[in-house]
Structure formats: structure tokens, C-alpha cells
């Protein structure tokens, strides 16, 4: 594993991620875990295969107003997190494992990592009622623990529309809580790597 201290969404960061499986897509890979890969996973495999063959970003991704809002408000959430915990978040960079990699939103101390979601009010409210992180992001959080080698990850939900004391919700997941899931991720990810290689061969016939 090689750690690259690069800023997210820069050209250097995008180049490092090119053709690599990343934690943000682990939910797609882990869907229907005991069965064959579904169409979203096959589509992702094709994206990665094309990126590896051409060396260019495949135009499979999209951006919407919620994603743009998330990028804009993430620095505010980071600052609130730091102020509440009297700790500094350092750059998450990119953890390169060859076939796959991980780029968390930040590193906390020597043991932690952070994943920030700037969300709309109904989504934030659901997290507040649930008293836990959004299960839709569970595999991404587990992927951060796996990819960074760190001991815990904080899921941070931020919504500026809530009262000041409820704008930031933090839930921590420890590596010891998901030992079995990490093993499952390793097995499924290797199968997906094989799918990417097969897809590359199919394209290049």
C-alpha cells in the first residue's frame, strides 16, 4: 500500500483513482453478495476496464445538485467536527493498493478516519431518528477501515437547516465490530477484480 498525500478532486487525485476500485462503490459490489454480480456492478466493471485500457476517465459518473452541495458544505462540517472534538483533521489523500484504493474525507489522529455527508433535511432527520449511520454507506465505511488500515471511522452527517446543536451527527464504527464483514469484502472484491480483468479481455478481443 502506498499513501499519496493529494487533495481530493484535483487532477492528481483523479489520475490516481483511474481504473481502480474505490470504497464509494463497495455497496454496488457487495449487492446480492451470494449471487452473480448485478447490472450496476457489471457497468462499474466496464467503466474500470475502459479506464485501464484507454488511460482516460470513462464518462459513467454523474453530478447533481445534492452532490455539488455536499462538496461546497463539507469544509463547514469538517470545521464543526474539529471544534467539537478539539482535534485536527488531516488530508485523507489516496491509499493505493494497486487494483483498488481508498480516499477518505480525512484522517483523525493516528487511528481514525472520517466520512462526511452533507445531506438534505429529511436524510439528516432519518439519521437522527435511527441513532446510527445510514446503512446505505456501511460498505463504504468498512472499505475505509480496510483501505486505510485504521481502527475506526466516524460517519458525519451535516445539515445546515437544523438547529445549531443538531447540525452535526457523528456515529463511530470500530474495526473490531466488522471483522466478518471485512473478510466478506475481501472475497467479493477479488471476484470483482476477476470480473474487471474478464471485461478487459472481452473489450480487447
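Per-residue answers, yes or no, for (1) closer than 30 Å to residue 191 by Cβ; (2) assigned to a loop (DSSP other than H, G, I, E, B); (3) free of Cβ contacts under 8 Å to residues at least 12 places away in the same chain; (4) touching a strand residue (DSSP E or B) at 6+ places or on another chain (Cβ under 9 Å):
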residue: 87; (1), (2), (3), (4): no, yes, no, yes
residue: 92; (1), (2), (3), (4): yes, yes, no, yes
residue: 122; (1), (2), (3), (4): no, no, yes, no
residue: 128; (1), (2), (3), (4): no, no, no, yes
residue: 132; (1), (2), (3), (4): yes, yes, no, yes
residue: 139; (1), (2), (3), (4): yes, no, no, no
residue: 143; (1), (2), (3), (4): yes, no, no, yes
(request) Within segment 155-184, work out how many residues are in a strand (DSSP E or B) and closer than 20 Å to residue 72 by Cα. (result) 7
(message) Looking only at segment 4-43, count every residue that is touching a residue at least 60 places away in the same chain (Cβ under 8 Å), touching a helix residue (DSSP H, G or I) at 6+ places or on another chain (Cβ under 6 Å) and under 21 Å from residue 204 (Cα atoms) and tell me the total.
(response) 1
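Every read-out reported here was derived from the displayed coordinates using simple, explicitly stated rules and does not represent laboratory data. Quick caveat, the model's predicted, so the values are computed rather than measured. Positions of Cβ are backbone-derived with ideal geometry, glycine not excepted, and every protein chain shown enters the neighbour counts.
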